[in-house]
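Here the structure comes first, spelled out in structure tokens, and everything after it is commentary.
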Amino acid sequence: NWAQILNNLASTYSDRIRGDRAENLEKAIELYEQALEIKTRKNFPVDWAATLNNLAGAYINRIRGDRADNLEKAIELYGQALEVRTRKNFPVDWAGTLNNLALAYSDRIRGDRADNLEKAIELYGQALEIRTRENLRENWAMTLNNLAIAYSDRILGERAENLERAIELYGQALEVYTRENLRENWAQILNNLALAYSNRILGDRAENLEKAIELYGQALEIKTRENLPVDWAITLNNLALAYSNRILGDRSENLEKAIELY
């Protein structure tokens, strides 16, 4: 019971909004590791794997330490968790950990960048065999969003086709993530979709940028300075870039708008 409460407390520190973000994550890592002194693979294999999965998530988000080392640690921990969380025995947990492992590969610094992204795409594809729209619609949409990001960043394959695939996947995710039901997720995917339109190769360049500007504007209705200051600033930065590249409208006015947003 002590170990389970430590795990839960660590999860709360991982999500904590108040206090210093870096310190909260260090506290979470410390608590997960204490819980693992009791939640061993031998005695509590299921709980052990769940705590490893959570600890890996804290390492992905960790601010202190070397970023490359943190991601390698996360990949290692997810791999260990998957020794227990198998598709046969725990299909939903297996798919969740695969999604998380794919996230780590998407951000991985070590190894070949192209290979890491291909690995991430492969893992997301496997996770989507379990995370279907019919059975786990929110998880399905989340993984689609993550897969779309991987396609947006993909190095192998045709760049134009990768971006079209990303736009398609974001569109599917937005069938679940709506403004009414999941507004913050909806706004984040709008931001991501706008980025894809900003970089889009197919279609009319001017129209793609107008679409991006429209989507950023919608996202900013939810991503406000008061509620989500960091996300608000990131989206403003992206919107400013779209105005810097804008073809329609007066060039000098577009640049002034970009400067104001920056």
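A few points about this structure:
- Look at the dipole of the chain built from charges on Cβ: of Leu82, Ile63, Asn245, the Cα furthest out on the positive end belongs to Leu82.
- Estimated FRET transfer efficiency when R0 is 22 angstrom, pair Ala160-Arg113 (beta carbons, to 0.05): 0.65
- Alpha-carbon Rg with Dmax, taken over the range 78-131, Å: 11.1, 32
- Inverting the pair-averaged 1/r between distinct Cα atoms of the range 220-262 gives 10.6 Å as its Kirkwood hydrodynamic radius.
- Packing rank of 82-92, 180-190, where each peptide gets the mean count of other beta carbons within 10 Å, highest leading: 180-190, 82-92
- Summed over all non-identical Cα pairs, the Kirkwood treatment of the range 153-262 gives a radius of 14.4 Å.
- The chain, accessible surface, carbon-and-sulfur percent (1.4 angstrom probe): 48
- Max-minus-min Cα coordinates of the chain on each principal axis give 68, 39, 38 Å, with the largest extent listed first.
- Solvent-free Debye calculation, one equal scatterer per alpha-carbon of the range 175-238: log10 I(q)/I(0) at 0.30 Å⁻¹ equals -1.21.
- Descending Cα extents along the principal axes, the range 1-146, whole Å: 36, 33, 28
- Crossing angle, helix 67-81 versus the chain [Cα axis fit, 0-90 degrees, rounded to tens]: 50
- Fraction of alpha-carbon pairs over 23 Å apart in the range 87-209 - percent: 32
- Rounded tilt (10° steps) of 229-245 against the dominant C-alpha axis of the chain: 30
- Close Lys pairs in the chain, defined as Cα atoms under 20 Å apart and 8 or more places apart or on different chains, number 8.
- Per residue solvent-accessible surface (Å²) - the range 152-262, probe of 1.4 Å: 54
- Gyration tensor over alpha-carbon atoms, the range 130-185, equivalent ellipsoid semi-axes in Å: 22, 12, 8
- Averaged over residues, the count of other Cβ atoms within 10 Å places the peptides 95-105, 252-262, 62-72, 116-126 in the sequence 95-105, 116-126, 62-72, 252-262, highest first.
- Relative to its Kirkwood radius, the Cα radius of gyration of the range 37-92 gives an Rg/Rh of 1.03.
- Accessible surface, per residue, of the range 1-108 when the full set of protein chains is kept, probe 1.4 Å, Å²: 51
- Computed magnitude of the charge dipole of the chain (debye, nearest 20; Cβ of K, R +1, Cβ of D, E -1): 480
- Crossing angle, helix 159-173 versus the chain [Cα axis fit, 0-90 degrees, rounded to tens]: 70
The values are calculated or read from the model by the stated rules, or taken from the named source; none is laboratory data. Keep in mind it's a predicted model, so treat the numbers as computed, not measured. A quick note on method: Cβ atoms are made from the backbone with ideal geometry, for glycine too, and the neighbour counts reach across all protein chains shown. For accessibility, only protein heavy atoms count, side chains too; no ligands or nucleic acids. Shrake-Rupley method; radii C 1.70, N 1.55, O 1.52, S 1.80 Å.
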